[in-house]
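Asker: Take a look at the following structure, please.
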Amino acid sequence: MARVLTGIQSSGRPHLGNLLGAIMPAIQLTANENQESLLFIADLHSFTTIKDPAIRKENTKSIAAAWLACGLDTSKSIFYRQSKIPEVCELTWFLNCVTPYPMLANAHSFKDKSDRLSDVNAGLFDYPVLMASDILLYDAEMVPVGKDQRQHIEMTRDIAKTFNSQFGEIFVIPEAKIDDEVMTIPGTDGQKMSKSYGNTIDVFLSEKKLKKNVMSIITDSTPMEEPKNPDTCNVYNIFKTIASENQKTEMRGNYEGGNYGYGHAKTALFELMLDRFREERKRFDHFMENEQAIEQHLQEGEEKARAIAHDVLARVKTTIGF
């Protein structure tokens, strides 16, 4: 049975990009009876940027609630918090000792911030090795990632191959699963939706706050009465990620026909979000108000995950002489 692993950082509340680009596709994979799915919340990774314990805990809770609200069946998957599996930190040290400095210096996660070295901590620099541990600790064979994460999977493969060449066939060499059909979700400013850009849409906000969030989408100054190009509009580009073909056709006609303002388009997007995520919003609120229900799901998954991690780490330590 193939083992699939995917994770999402607890660096903020889940947004539309997380749902459409990671959470929902990963949940779909759990329906495959020929695969074993491990789904984790990368709370250790988030510590590179978030030092406030209360914020990090709330983020972790909201990410877990989002997975469950979107329909994750934890009886068909292993759902856990990264930090509850201490073996991942021990394995990271062993991997660090075979990982060359230039590899980490060339990682996008470091290079993007290398012009501001005072902002770079050792955890951020070492991020790819912890990510490699996340994967190799569970003998994962397939890792669904976006195109921007391809480099990290290649680094994981290189680290594992280096280790195997020195000590024998210890690690499974993982493959990246990059689904070209999984779209990049644009943010409120037209860039890729990302917490680091501050351009996200949180579909789990209250109606009042969600409407304000949607209304913040940046548009141009084309007058209402004039026709507009939907393909260059941030509102439409977000709308089409969740709309049906008929809804997209109708919205395109509104843009091109004129006498349709961006305010109208934003209102339509807001209403579509309420309709599209109606049940998920209800379930999310339920889990956020019932933390013990979240804990039960996570603790059951963590027991299963740690059993796998213990066996793999024991194999590593025995082989390398510890």
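The values are calculated or read from the model by the stated rules, or taken from the named source; none is laboratory data. Every value quoted in this text rests on a predicted model; they were computed, and no experiment measured them. Positions of Cβ are backbone-derived with ideal geometry, glycine not excepted, and every protein chain shown enters the neighbour counts.
Asker: Check whether at least one residue in the range 47-54 is touching a residue at least 24 places away in the same chain (Cβ under 8 Å) and either under 29 Å from VAL235 (Cβ atoms) or in contact with a Phe, Trp or Tyr (Cβ under 8 Å, 6 or more places away or on another chain) (or both), and report yes or no. Quick ask: steps written out before the conclusion?
Answerer: Taking the range 47-54 and keeping what is touching a residue at least 24 places away in the same chain (Cβ under 8 Å), we get 47-50.
Narrowing the set further to residues that are either under 29 Å from VAL235 (Cβ atoms) or in contact with a Phe, Trp or Tyr (Cβ under 8 Å, 6 or more places away or on another chain) (or both) leaves 48.
Yes, there is a match, as at least one residue in the range 47-54 is touching a residue at least 24 places away in the same chain (Cβ under 8 Å) and either under 29 Å from VAL235 (Cβ atoms) or in contact with a Phe, Trp or Tyr (Cβ under 8 Å, 6 or more places away or on another chain) (or both).
Asker: Go through the range 208-322 and tell me which helices (runs of 4 or more DSSP H), entirely inside it, have 1 or more residues that are of a type in the set (Val, Ile, Thr) and over 18 Å from ILE185 (Cβ atoms).
Answerer: Working: elements: 234-239, 245-257, 262-276, 278-289, 291-320.
Answer list for the range 208-322: 245-257, 262-276, 291-320.
Asker: Follow-up. What are the residues in the range 79-91 that are in contact (Cβ under 8 Å) with a residue 60 or more places away in the chain and in a helix (DSSP H, G or I), if any?
Answerer: GLN82, LYS84, GLU87, VAL88, GLU90, LEU91
Asker: Condition (residue is in contact with a helix residue (DSSP H, G or I) (Cβ under 6 Å, 6 or more places away or on another chain) and surrounded by fewer than 18 Cβ atoms within 10 Å (Cβ to Cβ)) applied to the range 187-198: is it met by at least one residue?
Answerer: The answer is yes, given that some residue of the range 187-198 is in contact with a helix residue (DSSP H, G or I) (Cβ under 6 Å, 6 or more places away or on another chain) and surrounded by fewer than 18 Cβ atoms within 10 Å (Cβ to Cβ).
Asker: Given the structure, is PHE204 in contact with a Phe, Trp or Tyr (Cβ under 8 Å, 6 or more places away or on another chain) and closer than 30 Å to LYS240 by Cα?
Answerer: Values: in contact with a Phe, Trp or Tyr (Cβ under 8 Å, 6 or more places away or on another chain): yes; closer than 30 Å to LYS240 by Cα: yes.
In short, yes.
Asker: So which of GLU141, GLU58 ends up being out of contact with any helix residue (DSSP H, G or I) (no Cβ under 9 Å at 6 or more places or on another chain), surrounded by 15 or more Cβ atoms within 10 Å (Cβ to Cβ) and under 30 Å from HIS286 (Cβ atoms)? If you could, list the steps in order and put the result at the bottom.
Answerer: Details: GLU141 fails: under 30 Å from HIS286 (Cβ atoms).
Matching residue, one of GLU141, GLU58: GLU58.
Asker: If you don't mind, another one. So, in the range 92-129, how many residues would count as being out of contact with any Lys or Arg (no Cβ under 9 Å at 6 or more places or on another chain) and not in a loop (DSSP other than H, G, I, E, B)? I'd like the intermediate steps shown before the answer.
Answerer: The initial filter retains those residues of the range 92-129 that are out of contact with any Lys or Arg (no Cβ under 9 Å at 6 or more places or on another chain), namely 92-93, 95-104, 106-118, 121-123, 125-129.
Checking the rest, the ones that are also not in a loop (DSSP other than H, G, I, E, B) come to 92-93, 95-96, 101-104, 108-111, 114-118, 122-123, 125, 127-129.
Looking only at that region, the number is 23.
Asker: Let me ask something else. Applying the selection to the range 146-172, what residues are on the phi < 0 side of the Ramachandran plot and either exposed (fewer than 14 other Cβ atoms within 10 Å of the Cβ) or outside the structural domain of ALA22 (by TED's automatic domain parsing) (or both)? Lay out the reasoning, then the answer.
Answerer: Step one: filter the range 146-172 for residues on the phi < 0 side of the Ramachandran plot, giving 146-167, 169-172.
Listed by number, the residues that qualify are LYS147, ASP148, ARG150, GLU154, LYS161, SER165, GLN166, GLU169.
This table checks each residue for (1) out of contact with any His (no Cβ under 6 Å at 6 or more places or on another chain); (2) closer than 30 Å to HIS152 by Cα; (3) free of Cβ contacts under 8 Å to residues at least 12 places away in the same chain.
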residue: ASP202; (1), (2), (3): no, yes, no
residue: VAL214; (1), (2), (3): yes, no, no
residue: GLY253; (1), (2), (3): yes, no, yes
residue: GLU271; (1), (2), (3): yes, no, yes
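Asker: Right, next: From the list ASN246, ASN254, ASN237, pick out the single residue that is touching an Asp or Glu at 6+ places or on another chain (Cβ under 8 Å) and polar (S, T, N, Q).
Answerer: The unique qualifying residue is ASN237.
Asker: Now a separate question. Can you tell me which of (1) of a type in the set (Lys, Arg); (2) free of Cβ contacts under 8 Å to residues at least 60 places away in the same chain; (3) not assigned by TED's automatic domain parsing to the domain that holds THR241 is the one LYS209 doesn't meet?
Answerer: All conditions are met except number (3).
Asker: Need a quick list: helices (runs of 4 or more DSSP H) entirely within the range 1-77 having at least 2 residues that are touching a Pro at 6+ places or on another chain (Cβ under 9 Å), modelled with pLDDT of 95 or more and not polar (S, T, N, Q). I'd like the intermediate steps shown before the answer.
Answerer: Values: elements: 24-29, 43-46, 53-69.
Of the helices (runs of 4 or more DSSP H) lying wholly inside the range 1-77, those with at least 2 residues that are touching a Pro at 6+ places or on another chain (Cβ under 9 Å), modelled with pLDDT of 95 or more and not polar (S, T, N, Q) span 53-69.
Asker: Inspect the range 31-48 for any residue being surrounded by fewer than 21 Cβ atoms within 10 Å (Cβ to Cβ), touching a Gly at 6+ places or on another chain (Cβ under 8 Å) and not small (Gly, Ala, Ser) and give the result as yes or no.
Answerer: Yes, because at least one residue in the range 31-48 is surrounded by fewer than 21 Cβ atoms within 10 Å (Cβ to Cβ), touching a Gly at 6+ places or on another chain (Cβ under 8 Å) and not small (Gly, Ala, Ser).
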